[in-house]
Amino acid sequence: MLKKTGIKLKTVFILAVFLVICKGLNAQCDNNLRREAYKLIEGGTYIRDFKVSLNESKPKKPATDEKSIILSKGNRYRFVIIKDPMREGEPVLRVFDQHTEYATNLTAGNNSAQAFDFICTNTQVYSLSVHFQNGKDGCCILMLGLMGGH
């Protein structure tokens, strides 16, 4: 009887350690990335950030996380998107409204840039859409900073 109890205790202990490790890995996609993103808006004013975590999905129709935000005419905003290096997905950010896509972090070579500036020409609600290239599993921090007028 004691032998079975000892095995159960070891199993519970191993599971507890595993859960703590998994929680720690998920924290990588939070505070460390947030600090890294914040460095890229140095000289500007932090507005807000979003954590985006998506599981693997279909490559041709990847899972997407959308947010809405009001941006004001005449301001230069910086979008920073830092990916979790422990996960495979490369984040793609699109800034758009009902009619137009205004900006993306995709470069001409189809790579994702960590930051880009956007000069707002209309005060309105903009949609921010994040997905991971080819539907890969990914996590990132999307941070928005106000860098002043243009």
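In contact with a strand residue (DSSP E or B) (Cβ under 9 Å, 6 or more places away or on another chain), among the β-branched types (Val, Ile, Thr) and surrounded by fewer than 17 Cβ atoms within 10 Å (Cβ to Cβ), is that true of Val92? Considered against the rule, which asks whether it is in contact with a strand residue (DSSP E or B) (Cβ under 9 Å, 6 or more places away or on another chain), among the β-branched types (Val, Ile, Thr) and surrounded by fewer than 17 Cβ atoms within 10 Å (Cβ to Cβ), Val92 comes out as no. Of all residues in region 25-51, those satisfying the criterion of being in contact with a helix residue (DSSP H, G or I) (Cβ under 9 Å, 6 or more places away or on another chain) and closer than 15 Å to Pro91 by Cβ are Asp49, Lys51.
Restricting region 46-90 to residues that are acidic (Asp, Glu) and more than 12 Å from the chain's Cα centre (by Cα), the residue that is farthest from His131 (Cα to Cα) is Glu88. Of all residues in region 48-71, those that are of a type in the set (Ser, Thr, Tyr) have Cβ atoms under 6 Å from Cβ atoms of residues that are in a strand (DSSP E or B), 6 or more apart or on another chain, in Ser53/Cys139; Thr64/Ser129; Thr64/His131; Ser68/Val125; Ser68/Ser127.
Residues that are over 16 Å from Thr100 (Cβ atoms) and in a strand (DSSP E or B) within region 110-132 comprise Ser112, Ala115, Phe116, Asp117, Val130, His131, Phe132, listed in sequence order.
Does Thr45 satisfy the condition of being free of Cβ contacts under 8 Å to residues at least 40 places away in the same chain and in contact with a strand residue (DSSP E or B) (Cβ under 6 Å, 6 or more places away or on another chain)? No, not satisfied. Looking across region 133-145, the residues that are part of a strand (DSSP E or B) and either surrounded by fewer than 17 Cβ atoms within 10 Å (Cβ to Cβ) or touching a Cys at 6+ places or on another chain (Cβ under 8 Å) (or both) come down to Cys139, Cys140, Ile141.
Look at Gly145 and say whether it is without any contact (Cβ under 8 Å) to a residue 12 or more places away in the chain and small (Gly, Ala, Ser). Answer is no for this residue.
All of the numbers you see were taken from the coordinates with simple rules; none came from a lab. Predicted model, so just to flag it, every value in this text is computed and none were measured. Using ideal geometry, Cβ is built from the backbone for each residue, glycine included, and neighbour counts are taken over all protein chains shown.
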